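K.L.:
Before anything else, here's the structure in question.
The values are calculated or read from the model by the stated rules, or taken from the named source; none is laboratory data. The model shown is predicted, which means the values in this text are computed figures rather than measured ones. Cβ coordinates were reconstructed from backbone atoms using ideal geometry, including for glycine residues, and neighbour counts include every protein chain displayed.
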Amino acid sequence: MKQTAIPGLCYWSVYQPDRRIDFNGFYWQSPAGGVLIDPMPIEDHGLEHVESVAWIVVTNADHLRDAVTLRERFGAKLLAPECDREALAGAPVDAWFGEEAPLPSDLTEHIEVAWLHGGKTPAEAALYLKPIRAIVFSDAVRSHESGVLRLLPDPKVQDRATLVGDVSALAKWNFEALLLGDGDCLFRGAKGAFLEFVRELG
């Protein structure tokens, strides 16, 4: 697990050779306790910086990844999108969040959620981690080349105009970092890169 330029934030990656891209998981020591986001499998030695985990947040059904194993290891609660109930049937989800179902009360002060429609799932959650001014994207925004932001590939997009509109609306947030589930993250100066990306999307 790697430490980042953002205090209290670590991440780890699993390389996908067929796609030549890293898939990332995140650990944030939030004011509400330790939070794992879209966690990839990780070896025991990689968990040295994890003091405790209160919540494991999954942003869409495809990012369940190793959440169930880590839930058992840390005695954490698993939080998943309401719209993915069917896809996550059988998973030990402790709480659901959605467009009509807010985050648990201990997280709402620190995390804001926006729902991105038109991608490969009914809706995916983009998380704004307010204390560290960072946005977490799971699939909709990624980076196949370091420093270059990309939208989800067209074959996986159900409604491009809707997805672009929902992504572009996130420019309202005051952020400095983009934490990407797929590809290389931007830990500093991300707002400018994101605005340029949105302009290119049209």
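K.L.:
Considering only residues of segment 145-185 that are of a type in the set (S, T, N, Q) and part of a helix (DSSP H, G or I), which is surrounded by the most Cβ atoms within 10 Å (Cβ to Cβ)?
P.N.:
Residue satisfying both the conditions and the ranking: 168.
K.L.:
Also: From the list 142, 188, exactly one residue is touching a residue at least 40 places away in the same chain (Cβ under 8 Å), out of contact with any Phe, Trp or Tyr (no Cβ under 7 Å at 6 or more places or on another chain), surrounded by 20 or more Cβ atoms within 10 Å (Cβ to Cβ) and among the basic types (Lys, Arg). Which is it? So that I can check it myself, show each step before the final result.
P.N.:
On the way: 188 fails: surrounded by 20 or more Cβ atoms within 10 Å (Cβ to Cβ).
Sole residue among the options that is touching a residue at least 40 places away in the same chain (Cβ under 8 Å), out of contact with any Phe, Trp or Tyr (no Cβ under 7 Å at 6 or more places or on another chain), surrounded by 20 or more Cβ atoms within 10 Å (Cβ to Cβ) and among the basic types (Lys, Arg): 142.
K.L.:
What strands (runs of 3 or more DSSP E) completely inside segment 46-102 contain at least 1 residues that are closer than 24 Å to residue 8 by Cα, among the β-branched types (Val, Ile, Thr) and modelled with pLDDT of 95 or more?
P.N.:
55-57
K.L.:
Same structure, new question: Across segment 121-136, which residue is nearest to the chain's Cα centre (by Cα) among those that are under 17 Å from residue 180 (Cβ atoms) and free of Cβ contacts under 8 Å to residues at least 60 places away in the same chain?
P.N.:
Only one residue tops the list, namely 135.
K.L.:
Step by step: first the residues of segment 31-60, then only those that are in contact with a helix residue (DSSP H, G or I) (Cβ under 7 Å, 6 or more places away or on another chain) and surrounded by 20 or more Cβ atoms within 10 Å (Cβ to Cβ), then the one that is nearest to residue 104 (Cα to Cα). Which residue is that?
P.N.:
Here the residue is 55.
K.L.:
Quick one: in segment 139-178, of everything that is closer than 19 Å to residue 13 by Cβ and out of contact with any helix residue (DSSP H, G or I) (no Cβ under 9 Å at 6 or more places or on another chain), which residue is modelled with the lowest pLDDT?
P.N.:
The extreme case among them is 144.
K.L.:
Here's a check for you: in segment 61-74, which residue that is touching a strand residue (DSSP E or B) at 6+ places or on another chain (Cβ under 9 Å) and either without any contact (Cβ under 8 Å) to a residue 24 or more places away in the chain or more than 22 Å from residue 98 (Cα to Cα) (or both) is surrounded by the fewest Cβ atoms within 10 Å (Cβ to Cβ)? Please lay out each step first, then the result.
P.N.:
Of the residues in segment 61-74, the ones touching a strand residue (DSSP E or B) at 6+ places or on another chain (Cβ under 9 Å) are 61-68, 70-71, 74.
Then drop every residue that is not either without any contact (Cβ under 8 Å) to a residue 24 or more places away in the chain or more than 22 Å from residue 98 (Cα to Cα) (or both), which leaves 70-71, 74.
Numbers: 70: 22, 71: 21, 74: 18.
Going through the qualifying residues, I end up with 74.
K.L.:
If you scan segment 113-139, which residues turn out to be farther than 20 Å from residue 174 by Cβ, out of contact with any His (no Cβ under 6 Å at 6 or more places or on another chain) and outside any strand (DSSP E or B)? Show your work before the answer.
P.N.:
Quick first cut of segment 113-139, residues farther than 20 Å from residue 174 by Cβ only: 117-124, 138-139.
Checking the rest, the ones that are also out of contact with any His (no Cβ under 6 Å at 6 or more places or on another chain) come to 117-122, 124, 139.
Once the filter is applied, which keeps residues that are farther than 20 Å from residue 174 by Cβ, out of contact with any His (no Cβ under 6 Å at 6 or more places or on another chain) and outside any strand (DSSP E or B), segment 113-139 yields 117, 118, 119, 120, 121, 122, 139.
K.L.:
Looking at residue 174 and the list (1) farther than 24 Å from residue 22 by Cβ; (2) free of Cβ contacts under 8 Å to residues at least 40 places away in the same chain, which single condition is not satisfied?
P.N.:
Checking residue 174 against (1) farther than 24 Å from residue 22 by Cβ; (2) free of Cβ contacts under 8 Å to residues at least 40 places away in the same chain, the one that fails is (2).
K.L.:
Another one. Condition first: over 14 Å from the mean Cα position of the chain (by Cα) and within 19 Å of residue 115 (Cα to Cα). Now tell me which residues in segment 171-190 satisfy that.
P.N.:
Of everything in segment 171-190, those that are over 14 Å from the mean Cα position of the chain (by Cα) and within 19 Å of residue 115 (Cα to Cα) turn out to be 171, 172, 173, 174, 175.
K.L.:
Let me ask you something else. Which condition breaks for residue 100 when tested against (1) touching a strand residue (DSSP E or B) at 6+ places or on another chain (Cβ under 7 Å); (2) more than 15 Å from residue 28 (Cβ to Cβ)?
P.N.:
(1)
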